[in-house]
Amino acid sequence: MKNIMLSTVAAITVLVATTASAADKEECKAVRMSDLGWTDIALTNTTAEILLKALGYEPTQTLLALNVTFDSLKRHDIDVFLGNWRPVQDIDYKAYFDDGSVIPLVTNLEGAKYTLAVPKYVSDEGVKSFDDLAAHGDKFGYKIYGIEPGSNKPLVDMLAAKAHGFNEDWELVESSEAAMLAQVRRAVGNKEWIIFLGWQPHPMNVNMEMTYLSGGDAEFGPNFGGATVRTIVRKGYPEDCPNATKFFTNLKFDITYENTGMNMIMTDGMETTDAAKKMMQEHPEKVAEWLDGVTTIDGKPGLDAVKAELGIGQ
């Protein structure tokens with residue numbers, strides 16, 4: 001009897017595991033991801049998109065501001081967001097986590113950074129902390145360069161509170177990642193002083209000499225904006241789409257992988273899709289990890305489908 005019971009339990013366990021891997025609802029075929037216009041998310045989103053298509057899904061990316069991304073997850077207009085940077089987003093979007101509107105799935109990147117930075121020639125002149133900035137307002141033109149509106153809230157709040165000695169003369173210039181970096185390149189080319197929002201992973205860390213500023217713990221967290229990045233999903237997604245959820249849970253990156261892929265896009269001029277495919281072709285071991293226990297939309301082995309469709313993971 002004991003052996004029969006154990007066999008029954010084992011059979012049920014296998015059945016549940018098998019069912020879970022292929023039990024995505026029909027609506028799960030469309031996987032809706034948010035894109036902020038950041039190159040790191042473009043790389044990770046496109047990596048997911050390529051693999052999901054090979055698995056029979058129909059993924060899409062929609063360009064949204066950060067605040068709109070959280071609202072869209074809450075309204076079930078978006079399913080997945082791969083760019084939940086912590087701790088910087090913890091305070092501003094705490095309510096979404098508290099009420100269960102969004103579900104943290106996995107930390108997809110460790111060792112990231114996200115805070116204000118200056119060119120090295122500026123830090124060599126003694127500007128190494130947030131508290132050093134206000135005294136040199138004339139050299140900086142009383143401007144701080146950020147990215148798209150909705151992603152700069154720590155800086156907006158900092159200037160509104162007149163923290164670190166800032167006053168009403170200071171202005172936050174909001175644009176986009178590409179526009180901000182173009183401004184930084186112009187300033188560096190002319191050896192002008194500039195303050196900008198920097199982060200890692202990003203080719204900026206290898207393409208120019210820059211210094212992350214200390215003293216911004218209140219705005220961006222300790223350790224020079226030391227961060228982790230999580231994948232978050234809408235409420236109900238893990239229950240509705242267990243196979244897709246398994247895939248996104250497996251989908252983890254590292255700093256070197258993202259820096260290399262982003263450099264292909266931003267420095268070498270490769271299309272994002274080509275860069276994502278090339279990175280996967282060069283790292284088949286990661287592809288195998290990402291597809292471990294994942295099936296196609298109709299329940300067939302996921303890695304086999306990717307190999308057949310894309311030649312990735314050979």
Need the failing condition index for Met280 against (1) modelled with pLDDT of 95 or more; (2) closer than 30 Å to Asp99 by Cβ; (3) under 21 Å from the mean Cα position of the chain (by Cα); (4) not hydroxyl-bearing (Ser, Thr, Tyr), just the number.
(2)
What helices (runs of 4 or more DSSP H), lying completely within the stretch 174-252, carry at least 3 residues that are free of Cβ contacts under 8 Å to residues at least 40 places away in the same chain?
177-189
Of residues in the stretch 27-59 being closer than 23 Å to Ala308 by Cβ and hydroxyl-bearing (Ser, Thr, Tyr), the one surrounded by the most Cβ atoms within 10 Å (Cβ to Cβ):
Thr47
Of the candidates Val206, Val306, Val287, Val294, the one satisfying the condition of being of a type in the set (A, V, I, L, M), over 18 Å from the mean Cα position of the chain (by Cα) and surrounded by fewer than 18 Cβ atoms within 10 Å (Cβ to Cβ) is Val206
Pairs, first more than 24 Å from Pro203 (Cα to Cα) in the stretch 26-41, second surrounded by fewer than 18 Cβ atoms within 10 Å (Cβ to Cβ) and among the polar types (S, T, N, Q), C-beta under 8 Å, six or more apart
Ala30/Thr60; Val31/Thr60; Arg32/Thr60; Arg32/Thr62
What single numbered condition from (1) at negative phi; (2) crowded, with 18+ Cβ neighbours inside 10 Å; (3) out of contact with any Cys (no Cβ under 8 Å at 6 or more places or on another chain) fails to hold for Ala244?
(3)
Return a yes/no flag: does the stretch 30-46 have any residue that is modelled with pLDDT of 95 or more, under 17 Å from Asp292 (Cα atoms) and either of a type in the set (Lys, Arg) or not assigned by TED's automatic domain parsing to the domain that holds Thr249 (or both).
no
Which condition number in (1) modelled with pLDDT under 95; (2) of a type in the set (Val, Ile, Thr); (3) assigned by TED's automatic domain parsing to the domain that holds Ala218 is the one that Ile144 fails?
(1)
Members of the stretch 258-293 found to be without any contact (Cβ under 8 Å) to a residue 40 or more places away in the chain, in a helix (DSSP H, G or I) and not charged (D, E, K, R), listed by number
Thr260, Met264, Gln281, Pro284, Ala288
Is it true that Met204 is over 20 Å from Gln89 (Cα atoms), in contact with a Leu (Cβ under 8 Å, 6 or more places away or on another chain) and at pLDDT below 95?
yes
Per the list (1) surrounded by 18 or more Cβ atoms within 10 Å (Cβ to Cβ); (2) of a type outside the set (A, V, I, L, M, F, W, C); (3) closer than 22 Å to Asp92 by Cα, residue check on Asn223 breaks on (1)
Residue pairs within 6 Å by beta carbon, gap of at least six or interchain, first lying in the stretch 58-87 and under 17 Å from Tyr237 (Cα atoms), second assigned to a helix (DSSP H, G or I) and of a type in the set (Ser, Thr, Tyr), listed first then second, are Phe70/Tyr96; Ile78/Ser72; Asp79/Tyr237; Phe81/Thr69; Leu82/Thr44
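Restricting to the stretch 138-167, give me the number of residues that are more than 19 Å from the chain's Cα centre (by Cα), assigned to a loop (DSSP other than H, G, I, E, B) and either among the polar types (S, T, N, Q) or closer than 23 Å to Asp92 by Cβ (or both).
At the first step, the residues of the stretch 138-167 found to be more than 19 Å from the chain's Cα centre (by Cα) are 138-145, 155-167.
Still in the running and assigned to a loop (DSSP other than H, G, I, E, B): 141-142, 161-162, 166-167.
Within this subset, residues satisfying the condition of being either among the polar types (S, T, N, Q) or closer than 23 Å to Asp92 by Cβ (or both) are 161-162, 166-167.
Number of matching residues: 4.
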Can you tell me which residue among Ile78, Ile91 is farther than 15 Å from Glu148 by Cβ and surrounded by fewer than 21 Cβ atoms within 10 Å (Cβ to Cβ)?
Ile91
Every residue from the stretch 231-245 that is closer than 21 Å to Asp35 by Cα and out of contact with any His (no Cβ under 8 Å at 6 or more places or on another chain):
Thr231, Ile232, Val233, Tyr237, Pro238, Cys241, Ala244, Thr245
Residues (among the acidic types (Asp, Glu) and farther than 17 Å from Asp24 by Cα) located in the stretch 231-274:
Asp254, Glu258, Asp268, Glu271, Asp274
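The values are calculated or read from the model by the stated rules, or taken from the named source; none is laboratory data. Quick caveat, the model's predicted, so the values are computed rather than measured. Note: ideal-geometry Cβ built from the backbone for every residue, glycine included; neighbour counts use all protein chains shown.
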